[in-house]
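So the structure is just underneath, and the comments pick up after that.
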Amino acid sequence: MTEGGRHAPVLLSECIEGLGAAAGGRFLDLTFGRGGHTRALLASAPNVRVVAVDRDPEAVSAGQALAAQQGERFRMVEGNFGELAALGAELGGPFQGVLADIGVSSPQIDSPERGFSFRQAGPLDMRMDRTSESLETWLRRQDETTLADVIYHYGEERRSRRIARAILEALAEGRLHTTLDLREAVMSIGGWGHPRIDPATRTFQALRIAINDELGALERMLAAVRALLAPGGRLAVITFHSLEDRLVKWTFRDDALWQPLTRRPVIANEAERAENPRARSAKLRVATRTANPDAGTTGDASLNQIEDKGEEI
Ligand SMILES: C[S@@+](CC[C@H](N)C(=O)[O-])C[C@H]1O[C@@H](n2cnc3c(N)ncnc32)[C@H](O)[C@@H]1O
């Protein structure tokens, strides 16, 4: 799945089909990562052009290297998709399709120095970009209740109170310097038995979501992206967390501007799930930006096919 800073793109053909990229046009990839989806978009038709965004400087460097090869077909922009209004002029538009494959990339998780990993020692950082607060700075201003709430809601971790207490105690006693120390604090509450996943997984996920304001960025993107889409253009969003999927589902269902093309989320097939563990929690939803919110538009045959692949989870 991940070798030498690579990232296996999830639900690739489903995204390309969902965005209708074979018909050509201008597309916006809001989460370039290592460019798996961008490359597939560019390969889907000779008259496809892509602008990509990422907030991570390493992803931006990878994108600039691709831009040097692709010439005018591809452009890389550094930025946060939670600030689309500010980025708008730089991005251009309107676009026929916008893709957001949100969350964290494999190179981010796999580089210990980024501080996302509980398998190798790294700094208490977890920032996708370098502009926000590091995990360590953030932890130093949390009280136990606030920290427990973050771990409970974003990590869906039922033992959040005890974990929060253990983390803040370790911090106060000078025992919390690395991501391995953080894992140790989670483990220290004991009683984990033989869990299916590492006990630190949910806590690390929760802290990462908080540090990067991931839900806030998604919510702001969903509200602002309409301005960049051509009428009839499509928005495809891949999420990895139930709270994120709910935001997308409600936006597509409750806002008359959107015509959902996927009634149920599209999930990865067995082969992809077996090959790429990240794909197991991925959910794709696609919607059309209607020309007129009251009139609505309908999906076409290719999207009906996509929907047929959807499974209720
Ligand atoms: C799951 S990866 C995308 C992988 C990509 N589709 C590929 O195939 O290589 C998510 C990427 O989105 C970026 N990202 C997450 N939140 C972001 C935000 N609010 N604004 C811009 N980029 C963001 C991360 O830095 C990461 O590189």
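Given the residues ALA89, ALA100, ALA121, which is the only one that is assigned by TED's automatic domain parsing to the domain that holds MET221 and either more than 18 Å from the chain's Cα centre (by Cα) or polar (S, T, N, Q) (or both)?
On the way: ALA100 fails: either more than 18 Å from the chain's Cα centre (by Cα) or polar (S, T, N, Q) (or both); ALA121 fails: assigned by TED's automatic domain parsing to the domain that holds MET221.
Result of the check over ALA89, ALA100, ALA121: ALA89.
Select, from ALA227, ALA206, the only residue that is in a helix (DSSP H, G or I), away from the ligand (no atom under 13 Å from the Cβ) and surrounded by fewer than 18 Cβ atoms within 10 Å (Cβ to Cβ). Talk me through it step by step, then tell me what you get.
Numbers: ALA206 fails: surrounded by fewer than 18 Cβ atoms within 10 Å (Cβ to Cβ).
On inspection, the qualifying residue turns out to be ALA227.
If you go through segment 234-289 one residue at a time, how many are over 18 Å from the mean Cα position of the chain (by Cα) and among the basic types (Lys, Arg)?
Looking only at that region, the number is 4.
Sort out which residues of segment 104-124 are over 19 Å from MET187 (Cα atoms) and surrounded by fewer than 18 Cβ atoms within 10 Å (Cβ to Cβ), and write them in order of number. Quick ask: steps written out before the conclusion?
First, pick out the residues of segment 104-124 that are over 19 Å from MET187 (Cα atoms): 104-114.
SER111, PRO112, GLU113, listed by residue number.
Rundown of residues vs (1) closer than 18 Å to ARG6 by Cα; (2) without any contact (Cβ under 8 Å) to a residue 60 or more places away in the chain, yes/no style:
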residue: LEU84; (1), (2): no, no
residue: LEU87; (1), (2): no, yes
residue: GLY92; (1), (2): no, no
residue: GLN96; (1), (2): no, no
residue: ILE102; (1), (2): yes, no
residue: ASP110; (1), (2): yes, no
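Which one of ASP143, ASP149 is exposed (fewer than 14 other Cβ atoms within 10 Å of the Cβ) and more than 23 Å from PHE81 (Cβ to Cβ)? Full working, then the answer.
Values: ASP149 fails: exposed (fewer than 14 other Cβ atoms within 10 Å of the Cβ).
Answer to the selection: ASP143.
Condition test on GLY79, is it over 20 Å from VAL48 (Cβ atoms), within 9 Å of the ligand (Cβ to nearest atom) and in the same structural domain as GLY18 (by TED's automatic domain parsing)?
It is true that GLY79 is over 20 Å from VAL48 (Cβ atoms), within 9 Å of the ligand (Cβ to nearest atom) and in the same structural domain as GLY18 (by TED's automatic domain parsing).
Answer with yes or no whether GLY5 is within 11 Å of the ligand (Cβ to nearest atom) and either at pLDDT below 95 or touching a Ser or Thr at 6+ places or on another chain (Cβ under 6 Å) (or both).
yes
When you scan segment 240-257, do you find a residue that is at pLDDT 95 or above and part of a strand (DSSP E or B), even just one?
No; the residues of segment 240-257 include none that is at pLDDT 95 or above and part of a strand (DSSP E or B).
Looking at GLY190, GLY216, can you tell me which residue is within 16 Å of the ligand (Cβ to nearest atom), over 21 Å from CYS15 (Cβ atoms) and surrounded by fewer than 14 Cβ atoms within 10 Å (Cβ to Cβ)?
On the way: GLY190 fails: within 16 Å of the ligand (Cβ to nearest atom).
After applying the criteria, what remains is GLY216.
What is the residue count in segment 44-75 for residues that are in contact with a helix residue (DSSP H, G or I) (Cβ under 8 Å, 6 or more places away or on another chain), farther than 21 Å from ARG226 by Cα and more than 9 Å from the ligand (Cβ to nearest atom)?
Within segment 44-75, residues that are in contact with a helix residue (DSSP H, G or I) (Cβ under 8 Å, 6 or more places away or on another chain), farther than 21 Å from ARG226 by Cα and more than 9 Å from the ligand (Cβ to nearest atom) number 7.
Looking at ALA23, ALA62, ALA40, which one is closer than 14 Å to ARG234 by Cβ, in contact (Cβ under 8 Å) with a residue 12 or more places away in the chain and not hydroxyl-bearing (Ser, Thr, Tyr)?
Values: ALA62 fails: closer than 14 Å to ARG234 by Cβ; ALA40 fails: closer than 14 Å to ARG234 by Cβ.
Among ALA23, ALA62, ALA40, only ALA23 is closer than 14 Å to ARG234 by Cβ, in contact (Cβ under 8 Å) with a residue 12 or more places away in the chain and not hydroxyl-bearing (Ser, Thr, Tyr).
Consider ALA22 against the criteria (1) loosely packed, with under 15 Cβ neighbours inside 10 Å; (2) outside the structural domain of GLU270 (by TED's automatic domain parsing): it satisfies all of them except one. Which criterion is unmet?
Checking ALA22 against (1) loosely packed, with under 15 Cβ neighbours inside 10 Å; (2) outside the structural domain of GLU270 (by TED's automatic domain parsing), the one that fails is (2).
Out of segment 24-43, which residues are more than 6 Å from the ligand (Cβ to nearest atom) and at positive phi?
GLY24, GLY25, listed by residue number.
Give the residues of segment 111-134 that are within 12 Å of the ligand (Cβ to nearest atom) and assigned to a helix (DSSP H, G or I), sorted by residue number.
Within segment 111-134, just ARG114 meets the criteria.
Answer yes or no as to whether ALA287 is farther than 30 Å from MET126 by Cα and crowded, with 19+ Cβ neighbours inside 10 Å.
Details: farther than 30 Å from MET126 by Cα: yes; crowded, with 19+ Cβ neighbours inside 10 Å: yes.
Criteria met by ALA287.
For ARG208, all conditions in the list (1) in contact (Cβ under 8 Å) with a residue 40 or more places away in the chain; (2) within 19 Å of VAL98 (Cα to Cα) hold save one; what is the number of the exception?
Of the numbered conditions (1) in contact (Cβ under 8 Å) with a residue 40 or more places away in the chain; (2) within 19 Å of VAL98 (Cα to Cα), the odd one out for ARG208 is (2).
The values are calculated or read from the model by the stated rules, or taken from the named source; none is laboratory data. As the structure is a prediction and not an experimental result, all values here were calculated from the model. Please note: Cβ atoms are built from the backbone with ideal geometry, for glycine as well, and neighbour counts cover all protein chains shown.
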